[in-house]
Amino acid sequence: MWWSHRRDPRIGDEIRFHRDRLIEDYVASGIDRQDAERRASLEFGNVPQIVEACRDVRGRWLEDLTRDVRYTLQTLRRNPGSPPWPCCRSRSASVRTRPSSR
């Protein structure tokens, strides 16, 4: 999809911020800078991989919504008289099958 190729630089910045904070915490606890960076890298993980995982999760809801809308429109095209929402479908079915009280 066209929106899945967009890049949000704030995601990478935020992840790097958290990694840097972890390094600062290690340095503040008395570990030298090089060991703190190594420990933070081991504990935090691969930053580009985390950025891509965040982008996947963040953009997935829009793809799912698009698929749902497309499916709804296809269903309406096939059956123009039935409502596309399951809750309405069940109510309309119960109204049609209920015996009249007259």
Revision key, fill the gap. Taking region 39-68 and keeping only residues that are surrounded by 13 or more Cβ atoms within 10 Å (Cβ to Cβ) and more than 26 Å from residue 9 (Cβ to Cβ), one is left with 39
Check your understanding: So which residues in region 1-36 are of a type in the set (Val, Ile, Thr) and at pLDDT below 90?
Key -> 11, 15
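What number of residues within region 69-80 are part of a helix (DSSP H, G or I), free of Cβ contacts under 8 Å to residues at least 12 places away in the same chain and either surrounded by 11 or more Cβ atoms within 10 Å (Cβ to Cβ) or over 20 Å from the mean Cα position of the chain (by Cα) (or both)? Give the derivation first.
Of the residues in region 69-80, the ones part of a helix (DSSP H, G or I) are 69-78.
When the remaining residues are screened for being free of Cβ contacts under 8 Å to residues at least 12 places away in the same chain, the result is 69-71, 73-78.
Retained after the next criterion (residues that are either surrounded by 11 or more Cβ atoms within 10 Å (Cβ to Cβ) or over 20 Å from the mean Cα position of the chain (by Cα) (or both)): 69, 71, 73-78.
Total satisfying the criteria: 8.
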Exercise for review: Test residue 96 against the criterion of being at pLDDT below 75 and part of a helix (DSSP H, G or I), and give yes or no.
Suggested key: yes
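The values are calculated or read from the model by the stated rules, or taken from the named source; none is laboratory data. As the structure is a computational prediction, the values presented were derived from the model and not from experiment. So basically every Cβ, Gly included, is an ideal-geometry build from the backbone, and we count neighbours across all protein chains shown.
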